[in-house]
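J.: Here you go, one structure.
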Amino acid sequence: MRISKRAGDWHISFKYDYQPNPTPKEGDIIGVDVGINALATCSDGRIFSNVKAYKQAKKRLTGYQRRVSKKKIGSKNRAKAVKRLAKAHKKVADIRADALHKLTTWLAKNHSTIVIEDLNISGMLKNHKLASAIADCGFYEFKRQLTYKCEWYDSVLVIADRFYPSSQLCSNCGHQQKMPLNVRTYECANCGFKADRDFNAAVNLANYVY
Ligand SMILES: [Zn+2]
């Protein structure tokens, strides 16, 4: 059992044994691209967008941050502002966790095989702009939830090799081309296939297991 205090709230957590609960699967293989723009894009065309509440909470967070920096260091008002900021942080994290839970439950419950990419986080963290976006997307949390839920619901989690170029391959003909991060649409120079960048990557992930 673990007891911790976070932003003024007490949390108790403990480990327990969980009996697997296999569910009938409506889908076979699904590829999932975890993005910065959308929470997730799936190879069946489904898009899980970032929830509105999350965007609003993030905006509020920026405001609280500014307020903290304006208060005198060591003052009572600053301590109060810091407390408020911590609460806002927790709210953002809670909304994110809730959205991730819905996504990972849906994936693990309804698909026999789920394919995700193995993000090279340490390499990406060197790019500071990307770093905050990735930390924000909670990729670690996504992978963690999916791992144990696939066990619960008796589905298979496949993590593609980190050198598999899921965003560079054409999901139609297999041609490979460079895809800078700002290019949002995949336009194949070989066959002319056109698709949303994240969707193309998700289909490639689904194809990874064939
Ligand atoms: Zn092509």
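Derivation of every value follows stated rules applied to the coordinates shown; laboratory data play no part. Being a predicted model, the structure only gives us computed values, none of them experimental. In this analysis, Cβ positions are derived from the backbone assuming ideal geometry, glycine residues included, and neighbour counts consider all displayed protein chains.
J.: Taking the Cα-to-Cβ direction at residue 78 and at residue 148 and moving 7 Å from each Cα, how far apart do the two end points lie in nm?
T.: 3.8 nm
J.: Starting from the Cα of residue 178, draw a straight line to each of the lysines and keep only those under 25 Å, dropping any in the same chain fewer than 8 residues away.
T.: 126, 129, 194
J.: Sticking with this one: Treating cross-link reach as a plain straight distance, find the aspartates and glutamates whose alpha-carbon is under 19 Å from the alpha-carbon of residue 143, omitting any fewer than eight places away in the same chain.
T.: Qualifying aspartates and glutamates at Cα under 19 Å: 33, 94, 98, 117, 118, 151, 154, 161, 198.
J.: Quick one: if the Förster radius is 45 Å, what FRET efficiency do residue 185 and residue 87 give, using the C-beta to C-beta distance and rounding to 0.05?
T.: 0.65
J.: Once amide H atoms are placed 1.01 Å from N in the peptide plane, what residues at a sequence separation of 5 or more from residue 115, or on another chain, have their amide H within under 5 Å of its amide H?
T.: 30, 31, 32, 158
J.: What is the fewest-to-most order of 164, 210, 153 by other Cβ atoms lying within 10 Å of their Cβ?
T.: 210, 164, 153
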